[in-house]
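Have a look at the structure below, then the notes.
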């Protein structure tokens, strides 16, 4: 029963959600709304499980003084601190907003801005014209990099329009890029549909964990 | 030839810092995908309701905040009524403050000219539910007011009450807007995404699922140019121009060194 019940739930709700899209009736729409609300509630429980797992992982690191246990202490203190301040004073209270503006915001901005330096260093080391394909990649990268900023306009603005970096860059984004992305998206879409069907019909059971094995 | 990566970091640091101090005003050419968003918004009569959901956080703020400012300035200057949500938790406070700041610039009043619905978890489900009725996921707005108590929300039920949706998004949540808001509810949709995301969405532009695509700072700078309000994005394009040129220069140096080394090895 531990296996059959979840499989039954997936079959019923999966089939309903797939077919309700094609049933323009009030009952179908109301049920769909209700199930969407359930999804949010189930998701919130998953968040509780996630927070529990995070605390347990970092607690064990601190307890056994594993490498990097200091960072785990920071994680737990920040998690509990922010959660407590938010729960007690609300998300509009002064301390909560100060911690957000002067703690979280600068930290995340700094992390993201460091990317520019790493990308510059990686581009210098990776873009080498070793083969024909690597040369094509290199040329495309250079054209798009310059064509997407005004300097491209200054460098090639005097050339006939089809030869300007901005035009070539647009062509690369609109034609080869779109063709490749669309092929990938269609492949992914078909894969998702096939996998969903396998889960709904109970052919794919790995999501059940250890109990799911036949 | 090996250049210590710290020299590269230093060079990038310098070329990012100097253009921030001096505005060079490089020319900006407006692309058709940005112009189509501008023209669509510009053609709306005053009082029309538009939806501008914004999902960015401090990490992506540098790229998308200038775009949000430009779009909000355009909407408020045209006397459009704006509904906003923020389905990314880290950005809610920033987005609320951005909205309030630009609304104050144009003397707009909350509940009459704009509404901030705030955050709810699980963007996919929230977007689907808003397609039925905004009141389902958001019975109250961010400030705790009942939606029906806000004059602007009278007669505004779902996406069909909005002339268009312009989603400014730094997350993969933009896919939900395309799949559900446009795919399921047929809402006219345009998107503004970060520079690294933009190549993923040209396919939706050419298929007509989105009517406009504003990519990163470049897109924001184009929009600033269109509304005739030079601000953060146009200034930042100088920085980006020079930084990109320096990266290309490093690539060229690397390749020259690569071929020189190869030639030397062959001759030995």
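Before moving on, here are some points about what is shown:
- Chain B: most fluctuating residue of B:94, B:112, B:210 per GNM, C-alpha cutoff 10 Å: B:112
- With a simple spin-label model that places each label point 7 Å from the Cα along the Cα-to-Cβ direction, the separation between residue B:77 and residue A:69 comes to 6.0 nm.
- Between 0 and 90°, nearest 10: helix B:92-105 axis offset from chain B longest Cα axis: 80 degrees
- Pairs of Cα atoms farther than 21 Å apart, the stretch B:49-177, %: 32 percent
- P(r) of the stretch A:41-90 over all Cα-Cα pairs, binned every 5 Å from zero, in whole percent: 5, 20, 21, 22, 18, 9, 5, 0
- Entry note, the protein assembly as shown: the mean residue ellipticity at 222 nm calculated from DSSP H runs of n ≥ 4, each adding -39500 (n - 2.57), is -19500 deg cm²/dmol after division by the residues and rounding to the nearest 500.
- Residue-span extension gain [residue A:19 to residue A:128] - 0.36 nm each, minus C-alpha spacing: 34.1 nm
- FRET E, pair residue A:136, residue B:4, Förster distance 30 Å, beta-carbon r, rounded to 0.05: 0.55
- Expected-Rg normalisation [2.2 N^0.38 Å, Cα atoms] applied to the stretch B:5-78: 1.53
- Overall form of chain A: oblate. Here a/c, set by the Cα gyration tensor axes a ≥ b ≥ c, is 1.5 or more, and a/b is not larger than b/c.
- Between helix B:61-77 and chain B: long-axis angle, C-alpha atoms, 0 to 90°, nearest 10: 40 degrees
- D (Stokes-Einstein, µm²/s), Kirkwood Cα radius, the stretch A:1-89, 0.692 mPa s at 37 °C: 196 µm²/s
- Our note on the geometry: Cα centres of the stretch B:194-268 and the stretch B:36-99, 24 Å apart.
- Simple label model, 7 Å out from Cα along Cβ direction - residue B:231 to residue A:109, nm: 1.6 nm
- Considering only the protein assembly as shown, percent of DSSP beta bridges that pair antiparallel, nearest 5: 5 percent
- Here r is the Cβ-Cβ distance between residue A:79 and residue A:41 and R0 is 25 Å; the resulting FRET efficiency, rounded to 0.05, is 0.65.
- For the stretch B:31-230, the antiparallel share of DSSP beta bridges with both residues in that region comes to about 5%.
- Chain A: most fluctuating residue of A:111, A:47, A:195 per GNM, C-alpha cutoff 10 Å: A:111
- Point-to-point label distance, residue A:28-residue A:192, nm (Cα→Cβ direction, 7 Å offset): 2.1 nm
- Kirkwood-type radius of the stretch B:129-268, with distances r between different C-alpha atoms, in Å: 18.8 Å
- Computed FRET value (nearest 0.05) for residue A:175 with residue B:24, which takes r as the C-beta separation and R₀ as 35 Å: 0.65
- Here the Gaussian network model covers chain B, with springs between Cα atoms less than 10 Å apart; of B:173, B:155, B:216, B:155 fluctuates the most.
- Every Cα-Cα pair in chain B was counted, and those over 29 Å apart are 36% of them.
- Relative contact order (%) - criterion: Cα under 8 Å, at least six apart; region: chain A: 18 percent
- Relative to the longest principal axis of the Cα atoms of chain A, the long axis of helix A:69-89 lies at roughly 70 degrees.
- The value for the protein assembly as shown of Rg(Cα) / (2.2 N^0.38 Å) is 1.10.
Quick note: the coordinates plus some simple rules give every number you see, no bench work behind them. Values in this document were obtained by computation on a predicted structure and should not be read as measured data. Note that each Cβ is placed from the backbone with ideal geometry, even for glycine, and that neighbours are counted across all protein chains shown.
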